[in-house]
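Visitor: Quick one: this structure, given as structure tokens, is what I'll be asking you about.
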Amino acid sequence: MKEKVKILTSMRILGLTVTQILILMVLIVVLFIFSDSSVIKRYRYESQIKELKSQIEYYREQTNVDRKKLCELQSNNEDLEKFARENYFMKKENEDVFIID
């Protein structure tokens with residue numbers, strides 16, 4: 001039994017013994033899984049980045065739409081009045097408003 005262990009530990013691969021290679025493999029696995037820059041955390045960060053980029057794109061599009069609406073409202077008083085009536089239930093004097101849901 002001792003002879004087999006001795007033969008195993010004395011075998012060299014790329015100048016390293018089997019035990020040294022096993023220790024290196026364990027260290028590499030620990031570094032890739034449990035460190036701050038682990039593969040799992042990197043995957044999570046990548047998914048967060050994708051989500052945030054999609055949110056940025058959505059808000060840019062929404063800003064463009066809102067900017068166009070604002071220009072329309074500022075350029076035409078009739079559109080402004082229509083917007084105020086529809087969204088804020090405003091009315092002219094001597095006018096009755098009926099809200100139907």
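Throughout, read-outs are computed from the coordinates displayed, never taken from laboratory work. Predicted, not measured: the structure shown is a model, and the values here were computed from it. Cβ: placed from backbone, ideal geometry, glycine included. Neighbour counts: every protein chain shown.
Visitor: Grab the DSSP H runs of the chain that are 4 residues or longer, score each as -39,500 (n - 2.57), total them, divide by all residues and round the 222 nm result to the nearest 500 deg cm²/dmol.
Guide: -25500 deg cm²/dmol
Visitor: Size of the dipole of the chain about the Cα centre, Lys and Arg at +1 and Asp and Glu at -1 on the beta carbon, nothing else charged, in debye to 20?
Guide: 1520 debye
Visitor: By how many degrees, between 0 and 90 and to the nearest 10, does the Cα long axis of helix 39-75 differ from the longest principal axis of the chain?
Guide: Approximately 10 degrees, to the nearest ten.
Visitor: Give, as a single signed number, the net charge of other residues whose beta carbon lies under 14 Å from the beta carbon of GLU51, with Lys and Arg counted +1 and Asp and Glu -1.
Guide: +1
Visitor: For helix 18-34, report the angle its Cα long axis makes with the longest principal axis of the Cα atoms of the chain; keep it between 0 and 90° and round to the nearest 10°.
Guide: 10 degrees
Visitor: Additional query: What net charge do the residues around ARG85 carry, taking every other residue with its C-beta under 12 Å from that of ARG85, with Lys and Arg at +1 and Asp and Glu at -1?
Guide: Within the 12 Å Cβ shell, the charges total -2.
Visitor: Angle check, please: helix 77-88 long axis (alpha carbons) against the longest principal axis of the chain (alpha carbons), in degrees 0 to 90, nearest 10.
Guide: Helix 77-88 and the main axis of the chain meet at about 70 degrees.
Visitor: Quick check: convex hull of the Cα atoms in the chain, volume per residue, rounded to a whole Å³?
Guide: In the chain, the Cα convex hull volume per residue is 188 Å³.
Visitor: Loop sites only, by DSSP: take the trypsin sites (Lys or Arg not before Pro) in the chain that have at most 14 other C-beta atoms within 10 Å and name the longest stretch containing none of them.
Guide: My reading of the result: 1-90 is the longest stretch.
Visitor: Quick one: which of 70-76, 95-101 comes out on top by average Cβ neighbours within 10 Å, and what's the full order, highest first?
Guide: The most tightly packed comes first, giving 70-76, 95-101.
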